[in-house]
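As structure tokens, the structure follows; a few thoughts come after it.
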Amino acid sequence: MSRTSRLNCIIPPYLLKKLLESEDAEVRQAALDTMLTTARLRGERAVRSSFAGAAAPGHGRRTVFDVEEGSFLPAAVLARPEDGPESVDEPVNRAFDGLGLTRDFYNEVFQRDSIDGRGMRLDGYVHYGVKFNNAFWDGRQMVFGDGDGKVLGNLTGSLDVIAHELTHGVTEHTAGLEYHNQSGALNESISDVFGSLVKQWSLKQSAEEADWLIGADVWTPGIDADALRSMKAPGHAYNNPLFGKDPQPDRMGKFIHLPDTDEGDSGGVHLNSGIPNKAFYLTAVGIGGFAWEAAGSIWFESLKASGATAQFQDFAHTTLQKAGELFGVGSAEQSAVLAAWQEVEVPVNGVRTRVARARSLAANENGGVGRQDGLAALTRQIGELSAKMTALTKDVKALKATR
């Protein structure tokens, strides 16, 4: 299986490993079974084509199937089609609604026709396996486990989890970010960003009102944890005896180097995603209002413009450029983007460290009024940088054309 078309799971391997240390034998067994099943699925190329016609165009038409605690998707029972009645099974309805809200978000906010931009059907499978502690996107469909009922609940319970997993499909059909090391962490971060935005959009929350938590509803009530991850405060989503302290870093100075293996979380993709997550959060609150409007547009356009091997610094450059194209060079939106990346210690070539942060703070204090004087130096710097980036882009295109 390629690095772009692979199994993307919401529960990272380091959390499942922690469950293997639980004093509860049932929790340990569920974690072990989940890890073994996940490893098997990663090794099966056939899983992506297990249901014939799943990816056929249909303007994002939804179909939810019940696997009935099995693992063979073609044997699943039809539970709710697009035009069918509501089910008596709540996980079926939650999956159906989550698929629809994610589809509608991409359509209404970014005019994108389903996950692939060409009307891809949205097929969901619930009640996968016995006490399966995960949910995943396999390149063609969304699959949900029921959780063990003691630590993790039914994985259809969080809208942002559903949107997160489906966004892996969007990334696969745009940048195709390779799923390892920094490009893989960007891949995970993009899913967190738009997973959170779908939830905020559905609730009509501003950036200031949002909780910026990913998977706040996956834990059972007995677990002392806020969520799987916090975009606002990476490293502070949980701190309890079962899992320890959330290990996510929030800046490059805390970047975690892990082996590029399944056991090493493909180079720490679920961990280091905290760095670009924090950058997006800072950008969104720096701009204010609804995060999906300005910050979301910048990130979405940057995703479409990025390559498969993009690193953090590459993506930072692209977001800065797109912010200038969408809102103007030297705009409050562009300065917020630059200040955010500098705050998480991701450098942007051609701009002096901390310049944007100071200018952005000055603009915010004045409510954005009279920022011409406060941002004059930054505007010149960004203008020069944008011109260089535009020229470089043209050179690259010209070079490709001669091949």
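Bear in mind that the values in this text are calculations on the coordinates, not laboratory data. Everything numeric in this text was worked out from a predicted model, so none of it was measured. Note: ideal-geometry Cβ built from the backbone for every residue, glycine included; neighbour counts use all protein chains shown.
Each peptide among 212-219, 63-70 gets the average number of other Cβ atoms lying within 10 Å of its residues, and from highest to lowest they stand as 212-219, 63-70. Taking other Cβ atoms within 10 Å as a rough exposure proxy, His168, His236, His317 sort from fewest to most as His236, His317, His168. Derived scalar couplings between HN and Hα for the range 143-156 equal 10, 10, x, 8, x, 7, x, 10, 10, 10, x, 4, 6, 7 Hz in order, rounded to whole Hz, by the Karplus curve 6.51 cos²θ - 1.76 cosθ + 1.60 (θ = phi - 60°), x for Gly and Pro. Each label point was placed 7 Å from the Cα along the Cα-to-Cβ direction; for Glu208 and Gln311 their separation is 3.8 nm.
Placing unit charges on the Cβ atoms of the charged side chains and taking the dipole of the range 8-176 about its Cα centre, the candidate lying farthest along the positive direction among Tyr14, Val27, Val151 is Tyr14.
Please list, by residue number, every one of the GluC sites (Glu not before Pro) in the range 72-111 that is coil in DSSP and has at most 15 other beta-carbon atoms within 10 Å. When the GluC sites (Glu not before Pro) of the range 72-111 are filtered for loop state and at most 15 Cβ neighbours within 10 Å, Glu86 remain. Placing a label point 7 Å from the Cα of Ala75 along the Cα-to-Cβ direction, the residues of the range 90-132 whose backbone N falls under 18 Å from that point are 125-132.
Give a quick list of GluC sites (Glu not before Pro) in the range 149-246 that DSSP marks as loop, anything other than H, G, I, E or B, with at most 16 other Cβ atoms within 10 Å. Counting only loop positions with at most 16 other Cβ atoms within 10 Å, the GluC sites (Glu not before Pro) in the range 149-246 are Glu208, Glu209.
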